[in-house]
Amino acid sequence: IPSDVDWDAVSKAIGMELIDDAVLEKRHALPDRLHIPEVLWDLLPSDARFGEPSLLDWPASTGRHPGSRYNLPPQSLWALETARLKSMRTRQTRKKLAIQEVSICLLIHNLLFSAKAGLASPDALASLSPHIASVAHLSYEESQSVKRDIIANRTALETTKLEDWPEDTMTIRTVPKFQAEPDYMQDVDGDFHHIAQQLNTAIKNIFDEYQDKRIYPDGLALAIAKICHNLLISSAAPNLQTFNILLTGFQKWKRHSLVNWVIEALDDCKIRPNEITCAAILDYYTERERPDDFSRFVALMRGASDALMLAKPDIAVNEAGEGRLVRVSETKVYQKVYPTPTVFNSLMHGVLKFAGFDRAMDIYYEMKEDGWGLDMVGLSCFLDDCMHRADWQGGLAVWEEISSIRGRIKPDLLAKAYAQFLTLCSIAQKPAAFNSVLEHVVKCGYDRKAVLTSFREFSHAVRQKQGYLAPAWTADNLLIAVSDYMKDGESTEANVAPFFEEMNGGPDSDSPAPPGPSEPSEPPESTSKSTTDPWDAWLEHELG
């Protein structure tokens, strides 16, 4: 974690103190909960719907159900189409359009310079707007000078009050027009919405087309040049979906500097975020291990000292809206991000990584009071953390949350949770709990062998990190499990002993291995039936 982190801001943002933790450092080396950019990328069709109802079901979560979708903001993935259509009838002010033109101009300059777009072949660049090639071939000094002028002009536009806005916007600016500055408009009939859709389709197709080519410098350069070309020639300003495509697309490509520029442009253009936007930004800061930026963004989401969105100043902050609206003054009302599981999963994933399990659970319970909740994706992430740390009490707390929504969880997700919890029972040496959960798996009609197969995979993955840990079986449980197929007459004590011996001589342990026959962490290639590990034998019998 950087040494210059503003811990006061962090604490204010998420309500807890973040610490450095040796266990967390080891945990950071493990794979993240999901291929997050790909998951968000797959949500883009729901984000881009136009004139169609949302097909997404509200995920089962430990948080508050929205009740009516009328309560959701129009940009939400789950918003009613009537709310979206009503929002689309509004038009931006001339001030906001002028700021967006300059902000996208700056984004184009930043993307082209960072991607070294000048590496693209001259013939390929010649097929694009001539502005693209001109900007792509600017020297470092020239590029920096132009960007300083763009920022100065944007600041002049931002600081001019709307009521003082002149008829001719150019009178506010010091430079009439920059290279690669677009011209955006919004017509009365709303044709610009269709143009924006075409822009988004074109950009998404570029990401798909260059998924493999972008690994080469000239391939990436041309892909970015084409994206910037589309941003430039479009007569409609990029909308929320445009930014979501850019955020998730560049994250898929692992082009972190480009993600930074998109986040800055999103803020400059004052685009209202939705679930994909917030989740993508939180996941990006988590992946890049930037707790200061993470905490600042959470503070904006929660309206701590500023906000990502403003509500109309004349709105009545009643009981229904007090959880998401914060009145600052008569002329300013902050609007919090609506609590959805998609965003909360990403938020808690970051808190878990930066602050550790105990603090993350405190924050979880605190935000749960405000309506936030985790779905099975997020809860599985917490259970996975407990698994790798052999944290039985923590795992019980997570399992209690899972049990509270068990009836609404999709069977495949719940089956995975059962396998994870069985692994925790095994690692924490809780045989009674193991058998109780396994019995419940059978009673609920789940495929026992499939769950045990997943359990075995989880167990092996954890033990590869931690060394051998004893499976959860008592002598009686062992006899029940192996009596049908283990050699008759074997000593019960001999069979049970290895299950409760802690063998710390694994490859990840610093302590010496105990002497005697229990030293190897894996059985020899040729093993007689009398020396077969009962645990492996039982699993082999169960799984065929």
Test Ile263 against the criterion of being hydrophobic (A, V, I, L, M, F, W, C), under 22 Å from Ile150 (Cα atoms) and touching a Phe, Trp or Tyr at 6+ places or on another chain (Cβ under 9 Å), and give yes or no.
yes
Suppose the filter is touching a Phe, Trp or Tyr at 6+ places or on another chain (Cβ under 8 Å), crowded, with 17+ Cβ neighbours inside 10 Å, in contact (Cβ under 8 Å) with a residue 40 or more places away in the chain and on the phi < 0 side of the Ramachandran plot; does Ser76 pass it?
yes
Would the stretch 215-223 turn up any residue that is in the same structural domain as Leu128 (by TED's automatic domain parsing), closer than 19 Å to Pro45 by Cα and assigned to a helix (DSSP H, G or I)?
no
Quick one: which helices (runs of 4 or more DSSP H) lie wholly within the stretch 25-118 and hold at least 1 residues that are of a type in the set (Val, Ile, Thr) and at pLDDT 85 or above?
94-114
Could you please find all residues in the stretch 139-162 being aliphatic (A, V, I, L, M), out of contact with any Ser or Thr (no Cβ under 9 Å at 6 or more places or on another chain) and over 16 Å from Pro182 (Cβ atoms)?
Ile151
Residue count for the stretch 136-153, restricted to those that are within 33 Å of the chain's Cα centre (by Cα) and of a type in the set (Val, Ile, Thr):
2
Return the total of residues in the stretch 156-196 being within 26 Å of Met88 (Cα to Cα), not small (Gly, Ala, Ser) and not in a loop (DSSP other than H, G, I, E, B).
10
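Here's the yes/no breakdown for (1) in the same structural domain as Val102 (by TED's automatic domain parsing); (2) among the acidic types (Asp, Glu); (3) within 21 Å of Pro74 (Cα to Cα):
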{"residue": "Pro238", "(1), (2), (3)": "yes, no, yes"}
{"residue": "Gly249", "(1), (2), (3)": "yes, no, no"}
{"residue": "Trp261", "(1), (2), (3)": "yes, no, no"}
{"residue": "Thr277", "(1), (2), (3)": "no, no, yes"}
{"residue": "Phe294", "(1), (2), (3)": "no, no, no"}
{"residue": "Met309", "(1), (2), (3)": "no, no, yes"}
Selected residue (only one of Pro217, Pro313 is touching a Lys or Arg at 6+ places or on another chain (Cβ under 8 Å), over 25 Å from Leu128 (Cα atoms), surrounded by fewer than 20 Cβ atoms within 10 Å (Cβ to Cβ) and of a type outside the set (D, E, K, R))
Pro313
For a quick check of your reading: which helices (runs of 4 or more DSSP H) sit entirely within the stretch 274-385 and have at least 2 residues that are hydroxyl-bearing (Ser, Thr, Tyr)?
275-287, 341-355, 357-368
How many of the residues making up the stretch 247-261 are small (Gly, Ala, Ser) and outside any helix (DSSP H, G or I)?
0
So, Val398, is that one in a helix (DSSP H, G or I), of a type in the set (Val, Ile, Thr) and at pLDDT 95 or above or not?
yes
Take Arg408 and tell me if it is farther than 21 Å from Gly356 by Cα and within 23 Å of the chain's Cα centre (by Cα).
yes
Selection from the stretch 199-249 of residues that are charged (D, E, K, R) and either more than 15 Å from Leu107 (Cβ to Cβ) or touching a Pro at 6+ places or on another chain (Cβ under 8 Å) (or both):
Lys204, Asp208, Glu209, Asp212, Lys213, Arg214, Asp218
Looking at the structure I just gave you, is Asp164 surrounded by fewer than 12 Cβ atoms within 10 Å (Cβ to Cβ) and under 23 Å from Asp47 (Cα atoms)?
no
Matching residues, the stretch 368-396, being among the hydrophobic types (A, V, I, L, M, F, W, C), within 23 Å of the chain's Cα centre (by Cα) and over 18 Å from Trp58 (Cβ atoms)
Cys381, Phe382, Leu383, Cys386, Met387
Exactly one of (1) assigned to a helix (DSSP H, G or I); (2) over 25 Å from Arg64 (Cβ atoms); (3) free of Cβ contacts under 8 Å to residues at least 40 places away in the same chain is unmet by Leu413. Its number?
(2)
Condition test on Leu352, is it among the hydrophobic types (A, V, I, L, M, F, W, C), without any contact (Cβ under 8 Å) to a residue 60 or more places away in the chain and under 30 Å from Thr155 (Cβ atoms)?
no
Would you mind stating whether Leu258 is under 23 Å from the mean Cα position of the chain (by Cα) and surrounded by 13 or more Cβ atoms within 10 Å (Cβ to Cβ)?
yes
Being surrounded by fewer than 21 Cβ atoms within 10 Å (Cβ to Cβ) and among the aliphatic types (A, V, I, L, M) is the filter here; which residues of the stretch 375-412 pass it?
Val377, Ala390, Leu396, Ala397, Ile405, Ile409
Long-range neighbours under 7 Å by Cβ, at least six apart or interchain, first residue without any contact (Cβ under 8 Å) to a residue 60 or more places away in the chain within the stretch 147-176, second assigned to a helix (DSSP H, G or I) and of a type in the set (Ser, Thr, Tyr)
none
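The values are calculated or read from the model by the stated rules, or taken from the named source; none is laboratory data. None of these values were measured; they are calculated from a predicted model. Glycine gets a Cβ as well: all are built from the backbone with ideal geometry, and neighbour counts include every protein chain shown.
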